[in-house]
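What follows is a short report on a single structure.
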Amino acid sequence: MDDLREKYVSLIAAAADESTLEDLRVQAVGKKGEISLQMRSLGKMSAEERQLAGPKLNALKDEINSALAAKKTALGDAALDERLRGEWLDVTLPARQRAMGSIHPISQVTEEVTAILADLGFSVAEGPQIESDWYNFDALNIPGHHPARAEMDTFYTHRAEGDERPPHVLRTHTSPVQIRHMEAHGAPCRIICPGRVYRADYDQTHTPMFNQVEGLAIDKDTSMANLKWTLEEFFTAFFGTNVKTRFRASHFPFTEPSAEVDIQCQWKDGSVVVGEGDDWLEVLGSGMVHPKVLQAGGIDPAEWQGFAFGMGIDRMAMLKYGIPDLRAFFDSDLRWLRHYGFASLQQPNLATGL
Ligand code: PHE
């Protein structure tokens, strides 16, 4: 009996899995198991023998049963432990970042510009990006032979074979909207026109598509002084600091007199800071609307006069947010813009902050 105990105790201890354990159970205490058979043989014993062997066999049976149960629990625990180890998750790891949509810097600057000029009484006008030769050039006093046509590196569309009319163009500036607005609404007026314009040009400071905002104010006695005040108010609000302007005599076919406008700036460690220092940076073209342009728009130049300006929005965004290369606006990955402190890229916020 002691041999039996030793045999099963060590076999049970060595059992590697539950099916081995089950085999052992059947072998030992199953119906035809070794211990069960011995119990059955009790019947053939004498009363004394049985009295001695009975309790011992019962105790052995109990001992083996509880050894089997204990081993079964141990095997189950081990299996669970193993699974837990295999499926271990570090719930303290930071969650995966979700990409956040946000407004494009050009759109944001367009909104900022529009909001400031709206405060100064300018409403928004729009015109087509595919423009006729007339609106883009002739009506603006840029006749066919004029060098400005060549300078503007124009994209032309195709006409059908045999169609002799001048081709349409991708507008090279937002100035054609001046004519369209005059035609439709007459004088007086005070409008801006933000929008895309196109020129066949591509380098660090030029892209084939860029954005301008046109300004046009017409009234009985509108003057260059009004233009200068308007622009200084605008730049001061836009850059959030006092900005002086410098007007340099220039030439545009559609304005007379014409001026190129510089803003006060300073170069610091290779980048430009607006609104302080002794340097000047050219930012827009402007002037008094040419009488021929008023006429082309159906407005009597003897009665009305006005100023106009055209400014690059991309340039404004670069200056305000210190972006070095215009082509960056077309980069599919805008994350780098955060580096330049573009607040709207950190929090999706449509407000202009004005
Ligand atoms: N249209 C001019 C340009 O694109 C800018 C301009 C607009 C100049 C209005 C004078 C008046 O360069």
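The values are calculated or read from the model by the stated rules, or taken from the named source; none is laboratory data. Note that the structure is predicted; figures quoted are calculated from it, not measured. Glycine gets a Cβ as well: all are built from the backbone with ideal geometry, and neighbour counts include every protein chain shown. Quick note on the areas: whole protein, heavy atoms, side chains included, nothing else; ligands and nucleic acids left out. Shrake-Rupley method; radii C 1.70, N 1.55, O 1.52, S 1.80 Å.
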### Query
If the cut-off is a Cα-Cα distance under 20 Å, which lysines reach LYS268, setting aside same-chain residues fewer than 8 apart in sequence?
LYS244, LYS320
### Query
Using 7 Å Cα-to-Cβ label points, what is the GLU303/ARG50 separation (nm, one decimal)?
13.6 nm
### Query
Which FRET efficiency value, to the nearest 0.05, do you get for TYR202 and ALA118 by plugging their Cβ-Cβ distance into 1/(1 + (r/R0)^6) with R0 = 25 Å?
0.15
### Task
Specify whether the C-alpha gyration tensor of the stretch 54-120 places it in the rounded, prolate or oblate class, a ≥ b ≥ c being the square roots of the eigenvalues: rounded for a/c under 1.5, otherwise prolate if a/b is larger than b/c and oblate if not.
prolate
### Message
Run the reach check for LYS292 against lysines, Cα to Cα strictly under 27 Å, same-chain hits fewer than 8 apart removed. What comes back?
### Response
LYS220, LYS228
### Query
So how far apart, in nm, are the two label points at GLN295 and ARG83 if each is 7 Å from Cα heading toward Cβ?
9.3 nm
### Task
Check the straight Cα-Cα distances from LYS71 and name the lysines below 23 Å, setting aside those fewer than 8 residues away within the same chain.
LYS7, LYS31, LYS32, LYS56, LYS61
### Task
Note the per residue figure in Å³ for the convex hull of the C-alpha positions in the stretch 1-156.
302 Å³
### Message
Show me, for the stretch 252-267, the HN-Hα J-couplings you get by feeding each phi into the Karplus relation (A = 6.51, B = -1.76, C = 1.60, θ = phi - 60°), rounded to Hz, glycine and proline as x.
### Response
10, x, 9, 10, 7, x, 10, 9, 8, 10, 10, 10, 5, 7, 8, 8
### Summary
The rounded separation in angstrom of the Cα centers of the stretch 1-31 and the stretch 211-255 is 100 Å
### Task
Measure off 7 Å from each Cα along the Cα-to-Cβ vector at ASN65 and ARG40, then give the distance between these two points in nanometres to one decimal.
1.9 nm
### Summary
Rounded to the nearest whole number, the Stokes-Einstein translational diffusion coefficient of the chain at 37 °C and 0.692 mPa s (Kirkwood radius, C-alpha pairs) in µm²/s is 121 µm²/s
#### Entry: Efficiency of FRET between LYS268 and HIS158 - r from beta-carbon atoms, R0 41 angstrom, step 0.05
0.25
### Query
Which whole-number percentage describes the relative contact order of the chain, with Cα contacts under 8 Å and a sequence gap of 6 or more?
15 percent
### Within the chain: Cβ-based charge dipole about Cα centre, in debye rounded to nearest 20 (Lys, Arg +1; Asp, Glu -1)
1600 debye
### Query
Applying 1/(1 + (r/R0)^6) with R0 = 41 Å to the Cβ-Cβ distance of TRP229 and TRP134, what FRET efficiency is obtained, to the nearest 0.05?
0.80
#### Entry: Most fluctuating residue given options GLU276, GLU256, GLU18, as computed from a GNM of the chain linking Cα atoms under 10 Å
GLU18
### Task
Enter the accessible area per residue of the stretch 234-300 (Å², integer; probe 1.4 Å; all protein chains in place).
47 Å²
